[in-house]
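Here is the structure we will look at, set down as structure tokens.
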């Protein structure tokens, strides 16, 4: 794991630990890992709503734009998010993608309509599948970037990844004169 990803994961975990989870008594008798799941789903929903709004606000002709040589295009950023939404669930939690979804090749998409559909589909998949995770699923040991972690840690990474690219996408939009819809 790169130092940046490690720092993002650490920062996200610290934010999570200072969140309403403590006020709800996570870790005390009677609390459950479902509290973490629900908090992470709430964070994911808010961030994914921003990504969806922004992906729709950016004109199709800017999907090929990149801030520099060798840097992801707008299209690649959105497709990358969709790819990782499916990938974290499949590779780290054993939750397969819906029939007909070729998540491993999503980053090759370039058409705005295809990309926004893939992004929306990946978000719906995460919300449905993560929402159905049980305490056993959330506490079962899995491997994430070479480390053994509980399943809920994958949800922390999922939100950290989404938020990293929300920031990137806002910067891309603003450089191109597009104000994010939620900032208007």
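Taken together, the values in this text are just the output of simple stated rules run on the coordinates, not laboratory data. Computed from a prediction, not measured in an experiment: that's the story for all the values here. Glycine gets a Cβ as well: all are built from the backbone with ideal geometry, and neighbour counts include every protein chain shown.
Neighbour counts of C-beta atoms inside 10 Å place 122, 66, 48, 183 in the sequence 183, 66, 48, 122, starting with the fewest.
Shown for 139, 113: other C-beta atoms within 10 Å of each C-beta, ranked fewest to most, produce the order 113, 139.
Site pair residue 184 and residue 134 shows an inter-label distance of 4.6 nm when each label is modelled 7 Å from Cα along Cα→Cβ.
I'd like the FRET efficiency for residue 99 and residue 66, computed as 1/(1 + (r/R0)^6) with the beta carbon distance as r and R0 of 41 Å, rounded to 0.05. According to the calculation, E is roughly 0.80. Working from label points 7 Å from Cα in the Cα-to-Cβ sense, the residue 147 to residue 175 distance is 3.0 nm. Taking a quarter of the surface of the Cα convex hull of the stretch 34-183 gives a mean projected area of 8.9 nm². The fewest-to-most ranking of 145, 88, 78, 172 by surrounding Cβ atoms within 10 Å reads 145, 88, 172, 78.
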